[in-house]
Number of protein chains: 2
Amino acid sequence: MAKDWNAALYLKFEDERTRPSRDLLAQVPLEAPGLCVDLGCGPGNSTELLAERFPAAAVVGLDTSPDMLASARTRLPQAQFRQDDAATFTLERPADLLFANAVLQWVPDHASLFPRLLTQVAPGGVLAVQMPDNLDEPSHAAMRAAALDGPWSHKLAAAAAARTALPSVGTYYDLLAPDCARVEVWHTIYRHPLEGIPAIIEWVKGTGLRPFLDPLDAQERAGYLEAYAARLAPHYPRQVDGKVLLAFPRLFILARKKG
Amino acid sequence: MAKDWNAALYLKFEDERTRPSRDLLAQVPLEAPGLCVDLGCGPGNSTELLAERFPAAAVVGLDTSPDMLASARTRLPQAQFRQDDAATFTLERPADLLFANAVLQWVPDHASLFPRLLTQVAPGGVLAVQMPDNLDEPSHAAMRAAALDGPWSHKLAAAAAARTALPSVGTYYDLLAPDCARVEVWHTIYRHPLEGIPAIIEWVKGTGLRPFLDPLDAQERAGYLEAYAARLAPHYPRQVDGKVLLAFPRLFILARKKG
């Protein structure tokens with residue numbers, strides 16, 4: 001598997017993956033922002049939502065992945081896309097909407113990150129964030145358990161540390177409230193009906209499973225995936241229609257900077 | 001306290017209470033439904049959302065409370081409002097959208113209720129449900145704990161049984177999937193920033209606390225509220241701006257009947 005993000009695999013579950021962006025954007029209380037920045041824009045599906053909702057705005061997408069950026073430019077020629085890193089970027093002028101969907105979970109040290117993000121937002125502007133908060137779900141606990149229990153364990157010791165659990169809701173609130181007129185924080189736990197355990201694995205292959213597969217050779221990968229599937233099975237019983245329900249908790253943060 | 005619902009108190013937190021209706025309605029995939037029924041319409045705030053989204057539809061609100069219905073008729077003269085019970089109602093013709101926001105948690109036996117609700121939905125129509133799922137939250141566990149520990153305990157023995165925990169997500173999915181083209185089930189855990197413990201008590205006085213206050217005389221009520229507040233305090237620390245965050249989980253169900 002290439003180190004770069006695979007846009008085609010990511011887009012395989014596009015409807016489901018785009019819903020959190022839509023749900024986040026639906027809460028943004030802006031009428032006509034001048035500059036909208038989509039941080040970690042991926043293949044541009046979230047950027048497209050911003051452009052549709054705010055047709056008069058300048059829309060800029062940032063991402064670290066050339067593959068994702070190429071896909072985004074094809075999808076949305078009227079927007080600007082630039083290679084940059086959510087951990088270190090600065091904008092030429094502050095954004096009226098800084099939109100960060102499913103990216104900041106990969107950036108460490110949120111106690112420093114979130115106040116710095118607010119410095120990139122204009123007065124009266126909005127910081128809108130969504131992050132998967134699923135490390136305690138069986139789908140992710142089983143990745144770590146299978147990693148520790150097999151001949152591949154020495155190669156995967158670091159993988160489980162690639163992401164750490166998110167800070168508490170109260171921590172985010174306290175980081176943002178002093179500079180904001182309003183801070184809203186909520187979780188949504190989606191349940192995606194999928195076609196059995198193999199579909200769950202396909203889903204996470206596009207994101208959370210990558211650090212566990214990248215270090216392995218083909219034979220180890222097959223063994224690891226088999227062990228992972230066996231650990232998933234008891235947690236995802238078949239429903240009456242043969243599907244399984246993948247629970248997927250996501251954390252949403254919407255902060256309106258003081259005017 | 002009157003046994004009837006108090007529309008003024010319920011509307012005190014109107015913005016926060018209306019957001020779940022808005023979030024539910026945002027997911028309804030209908031273009032132009034003919035008949036929209038708002039089951040348990042309360043004072044008409046959810047009914048108003050239906051009328052705004054679907055201006056060409058016939059909109060009907062049902063509720064058991066005369067006080068709520070009077071308030072709803074004043075708010076929305078163009079809709080029809082009728083006194084009826086979510087547990088037993090039948091419609092003259094099936095609804096294209098049957099919308100039930102924050103009402104079905106009061107109706108027992110969901111294994112019978114949900115299939116019956118689907119019989120009131122037209123082919124291709126949508127059943128859209130939102131219910132508080134907060135009985136395990138400190139805000140509600142403390143109601144029961146305070147009820148059992150005081151001179152009022154004999155009067156409140158029945159109160160904790162007024163609502164039972166909701167069935168699992170998988171149970172709802174299985175009840176609906178056989179007759180539906182698509183079933184979506186999700187939780188959202190809102191966090192409402194409120195002005196301290198007294199504001200939490202004001203919030204729940206409009207709904208979940210009512211069965212605990214109704215059986216008590218004035219002196220018992222004061223004692224019970226004091227005991228309740230003391231049990232809440234450790235779970236709701238003050239944030240940096242002096243507010244507390246009331247976590248409020250809600251269950252959403254959206255089922256599209258086969259066409």
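The requirement of being open to solvent by 20 Å² or more (accessible area, probe 1.4 Å), out of contact with any Cys (no Cβ under 9 Å at 6 or more places or on another chain) and closer than 19 Å to A:L24 by Cα is fulfilled somewhere in region A:146-167, by at least one residue. Selection of region A:103-145 for residues being in contact (Cβ under 8 Å) with a residue 40 or more places away in the chain, under 22 Å from A:K257 (Cα atoms) and surrounded by fewer than 17 Cβ atoms within 10 Å (Cβ to Cβ) yields A:A111, A:P115, A:P123, A:G124. The residue of region A:144-179 that is nearest to B:Q239 (Cα to Cα), among those that are more than 14 Å from chain B (Cβ to nearest Cβ) and within 19 Å of the chain's Cα centre (by Cα), is A:A165. The residue of region A:230-250 that is farthest from the other protein chains (Cβ to nearest Cβ), among those that are open to solvent by 30 Å² or more (accessible area, probe 1.4 Å) and small (G, A, S), is A:A230.
The rows are residues; the columns are (1) closer than 16 Å to B:F252 by Cα; (2) touching a helix residue (DSSP H, G or I) at 6+ places or on another chain (Cβ under 9 Å); (3) not charged (D, E, K, R).
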{"residue": "B:A160", "(1), (2), (3)": "no, yes, yes"}
{"residue": "B:G170", "(1), (2), (3)": "yes, no, yes"}
{"residue": "B:L176", "(1), (2), (3)": "yes, yes, yes"}
{"residue": "B:V183", "(1), (2), (3)": "yes, yes, yes"}
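Of all residues in region A:70-102, those being of a type in the set (G, A, S) and within 14 Å of A:R116 (Cα to Cα) number 4.
Residues in region B:182-207 that are within 15 Å of the chain's Cα centre (by Cα) and open to solvent by less than 10 Å² (accessible area, probe 1.4 Å): B:T188, B:Y190, B:W203, B:V204, B:G206. Within region B:157-174, being closer than 15 Å to B:P108 by Cα, in a helix (DSSP H, G or I) and modelled with pLDDT of 95 or more holds for B:T171, B:Y172.
For region B:46-62, the condition holds for at least one residue, the condition being that it is under 22 Å from B:G208 (Cα atoms), without any contact (Cβ under 8 Å) to a residue 60 or more places away in the chain and small (G, A, S). In region B:180-228, the residue that is nearest to the other protein chains (Cβ to nearest Cβ) out of those that are of a type in the set (S, T, Y) and part of a helix (DSSP H, G or I) is B:Y228. One residue is enough: does region B:183-198 have a residue meeting the conditions free of Cβ contacts under 8 Å to residues at least 60 places away in the same chain and acidic (D, E)? Yes, region B:183-198 contains a residue that is free of Cβ contacts under 8 Å to residues at least 60 places away in the same chain and acidic (D, E).
Need a quick list: strands (runs of 3 or more DSSP E) entirely within region B:29-92 having at least 3 residues that are open to solvent by less than 20 Å² (accessible area, probe 1.4 Å).
On the way: elements: B:35-39, B:58-63, B:80-83.
Answer list for region B:29-92: B:35-39, B:58-63.
Is at least one residue of region B:65-73 more than 14 Å from chain A (Cβ to nearest Cβ), under 30 Å from A:L25 (Cβ atoms) and not aromatic (F, W, Y)? No, region B:65-73 contains no residue that is more than 14 Å from chain A (Cβ to nearest Cβ), under 30 Å from A:L25 (Cβ atoms) and not aromatic (F, W, Y).
Among the residues making up region A:1-43, those that are modelled with pLDDT of 95 or more and more than 14 Å from chain B (Cβ to nearest Cβ) are A:P33, A:G34, A:L35, A:C36, A:V37, A:D38, A:L39, A:G40, A:C41.
The values are calculated or read from the model by the stated rules, or taken from the named source; none is laboratory data. Worth saying up front: this structure is predicted, and the values here are computed from it rather than measured. Cβ coordinates were reconstructed from backbone atoms using ideal geometry, including for glycine residues, and neighbour counts include every protein chain displayed. Ligands, DNA and RNA are excluded from the accessible area calculation, which covers all protein heavy atoms including side chains. Shrake-Rupley method; radii C 1.70, N 1.55, O 1.52, S 1.80 Å.
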